[in-house]
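Chemist: The structure is given below, and queries will be raised subsequently.
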Amino acid sequence: MLRPESRATTILLAMLTGVPPFATSMFMPSLPDISRSLSASPAQVQLSITAYLVGLAIGQIFYGPFADKYGRKLVMLVAMAIFSLATLLCALAPNIEILMLGRALQAVGGAGAIVITRAMVRDTHDGVLAARELALMASFMSISPIVAPILGGVLQTASGWRSTFVVLLIFGLLLTAAFWLLLGETLKHRTQEPLSFGSVFRTFGTFLRSPMYLANIALGAGAFAGGYAWLSGSSFILQDLHHLTPLQFSLVFAISSVGFLIGNTLAARFVMRRGIGFTVLAGCSAIGLASAMLLAAMTLGYNSVTVLTACAVVYLAGQGLVMPQTMAASLMAFPRAAGAASSLAGFIQQGCGGISAAAVGYYMGQSEWPVVWGMVLMGGFVVVVGFATHRMRTPQPALHGNADRPGPGA
């Protein structure tokens with residue numbers, strides 16, 4: 001068994017957390033081909049992204065409470081089994097409706113990986129150490145949107161879109177086996193209260209009465225939604241409007257995703273030296289700068305692939321600085337209910353991402369503006385909320401060493 005504090009454990013948890021974004025990014029180069037192959041409109045194909053995000057949001061609601069009661073390991077294995085079976089359904093889908101169903105179920109399974117890995121980190125790390133661990137995991141995880149679209153583009157060119165799901169199935173099964181064999185149970189205090197909708201929603205109500213939790217989750221959700229405007233719309237604007245091939249698009253998308261890797265790498269350094277508050281404000285500033293650059297470039301007619309990609313790099317770097325820190329800060333307020341707190345946070349973030357993707361898909365036409373407006377509006381929200389709630393969101397330094405000390409509003 002791997003030690004919880006080992007780097008190998010961090011890498012394995014990061015790879016598990018990376019399953020949902022890997023499944024999304026690898027899928028992106030194939031969207032136009034799926035539209036043609038299944039006789040579906042771009043809007044219908046876009047709904048498969050929305051279905052995935054809805055599945056991620058709904059799935060995360062349930063995993064945390066179950067993981068707090070029955071343990072992290074059993075619930076993770078169930079989640080990965082759902083992911084694997086749903087991926088097989090996607091590979092065999094005869095029409096767009098079955099593909100949407102498969103993607104939604106795939107996301108429900110992948111949601112468990114997101115919730116439970118965060119809870120495992122909170123089980124074994126305190127304060128800024130948890131924030132650093134989440135940032136390190138996010139750094140490893142952020143490689144997936146760089147590698148996945150390139151691999152997806154190669155598979156799309158060589159074998160068509162169904163091959164991407166075959167590779168995802170193999171990847172999921174290998175990770176499930178590694179988790180089962182190499183990691184032990186991290187939960188020390190299991191929830192004693194019987195599970196029911198009433199008990200779950202009472203717990204969620206406690207979270208929502210915490211100003212610290214609310215402010216951090218709102219900020220993380222805004223950053224996530226802005227990033228998903230780019231993720232959900234970039235395939236169509238770069239391939240249909242700027243006429244890139246699937247492989248060319250996958251390379252451009254991978255370049256833009258380097259921004260998220262840069263942000264997460266910087267976050268792991270900043271958080272130990274300057275704290276969570278400074279790191280989050282640096283990310284808010286980067287997102288605000290990218291939003292202003294993007295709006296100015298589009299207004300002046302500079303809408304080339306190079307300009308769009310450069311703005312996306314800065315935007316996603318800001319997202320990488322903001323999201324792990326706001327998640328860690330929100331979980332600090334509830335150390336004995338980390339699974340449930342992670343579930344609600346994930347539900348809110350993914351729900352906002354789904355709304356963003358649906359809005360971009362609905363307004364998508366012969367213009368980049370739907371994607372741009374999604375990024376700019378969320379960027380403005382992040383800047384305003386980030387600076388206005390700075391004192392409310394920032395944990396006190398004493399949280400560095402006390403796992404059971406509640407945060408503000410707990």
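Chemist: Could you work out the helix-only [θ] at 222 nm for the chain, with each DSSP H run of four or more residues adding -39,500 (n - 2.57) and the total divided by the number of residues, to the nearest 500 deg cm²/dmol?
Modeler: -27500 deg cm²/dmol
Chemist: In the chain, with Lys and Arg counted as +1 and Asp and Glu as -1 at Cβ, which of these residues, Ala337, Phe165, Leu16, has the Cα nearest the positive end of the dipole, that is, farthest along it?
Modeler: Ala337
Chemist: What ranking of Lys69, Lys188 emerges when the number of other C-beta atoms within 10 Å of each C-beta is taken as an exposure proxy, fewest first?
Modeler: Lys188, Lys69
Chemist: Please go through the stretch 9-74 and write out the chymotrypsin sites (Phe, Trp or Tyr not before Pro) that DSSP classes as loop and that have at most 14 other C-beta atoms within 10 Å.
Modeler: Passing both the DSSP loop test and the Cβ count: no residue.
Values quoted throughout were computed directly from the atomic coordinates according to the rules given, and no laboratory measurement underlies them. Please read all numbers here as calculations on a predicted model, not as lab measurements. Every residue, glycine among them, receives a Cβ derived from its backbone with ideal geometry; neighbour counts consider all protein chains shown.
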